[in-house]
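*Asks:* Please find one structure pasted underneath; my questions will follow.
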Amino acid sequence: MSKAIVILLALIAVVAGCVQPVSTGDQIPADAMEEKSAGTVADAVEVMEEITPGVTVDNQNVVSGTVTIGMARAAQSGFIVIHADKAGGGPGEVIGQTHVEKGDNANVIVNIDEAKATPVLHAMLHVDAGEHDVYEFPGDDVPVLVDDSILNVPFSALNIVAEPVEIEAPQRDTAAEEAMASNETGTAMPDGVMQFDVMIDDNSVEPGTINVTTGDTVRINFHFNDDEIYFGGLDVKSGYWDTVKYRHGSANKTRTVEFTANKTFIYTGYWPATDRAKASGKVEVTG
């Protein structure tokens, strides 16, 4: 055997010794790799889809019947709705709206009814949950909630001047005061029922307490104040009647319940879409 052949065989042996066998136990099964990959993608998609809604708007002039919303961030397609300011503050009449897409919407221009504009306006974000690109509120297109509060941002319309209002000295309506006072104790009806009329909205129940006697048959006529109901309506709940359901904008704004009084209890109005508690009233039972 030649010297060259001996050297070649020696090199082959060295190379063979350096190669380590692959253990099948260390391999990751193909289906596990696919599952892990799919999970990672799903996690990434979920994170990407988490959008916290928000509205950014600067004080501005109304220009040619429009206002501009600097940024509307929506978790789903929806609407930017412009409200005039109502007496006492807060969003009042809707004077304009426009559709926005899911995600960030920059420099959103909204046409408004300038004749109804007030020095303070409100930019409110609603969802588009009904027919696409058709504003339906009252209805499916309810306001967006962030931390259980309606996403509403007030801003100043700098070139809108409030019309002067002549303020008259308040005069007491003694007849109305007496009627309200008597309403706390109800009206005895010919059929023997004690009847009460109660005004209710998001923020108040009037009268807040009605007074009855144990064993009375009680009838409450709930009258709903649309001007102070913002989130689609109210469900009035207690253990004494089936849930009273009122939806914003209904032609009939009165709902009636009847029950037998046996102990004092609280009833509460709730926003139907979120079950968030609003104003409460009390039935005081004595005797």
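Bear in mind these aren't lab numbers, they're just calculated from the coordinates by the rules spelled out. All values reported here derive from a predicted model rather than from experimental measurement. All Cβ positions, glycine included, derive from the backbone under ideal geometry; neighbour counts span all protein chains shown.
*Asks:* Would you work out the Kirkwood radius for the range 54-156? I mean one over the mean of 1/r across all pairs of different Cα atoms, in Å.
*Replies:* On the way: mean 1/r = 0.0744 Å⁻¹.
When all Cα pairs of the range 54-156 are included, the Kirkwood radius is 13.4 Å.
*Asks:* Tell me the net charge near Phe155. Cut-off is 12 Å between Cβ atoms, Phe155 excluded, with +1 for each Lys or Arg and -1 for each Asp or Glu.
*Replies:* Counting the neighbours of Phe155, the net charge comes to -2.
*Asks:* Report the charge-dipole magnitude of the range 54-156 in Debye, nearest 20, computed about the Cα centre from +1 at each Lys and Arg Cβ and -1 at each Asp and Glu Cβ.
*Replies:* 300 debye
*Asks:* Magnitude of the Cβ-charge dipole of the range 174-286, K/R +1 and D/E -1, about the Cα centre, nearest 20 debye?
*Replies:* 440 debye
*Asks:* Please compare each pair in Lys86/Lys263; Lys253/Lys282; Lys116/Lys253; Lys245/Lys282 to a cut-off of 29 Å on the Cα-Cα distance and tell me which ones are over it.
*Replies:* Lys86/Lys263
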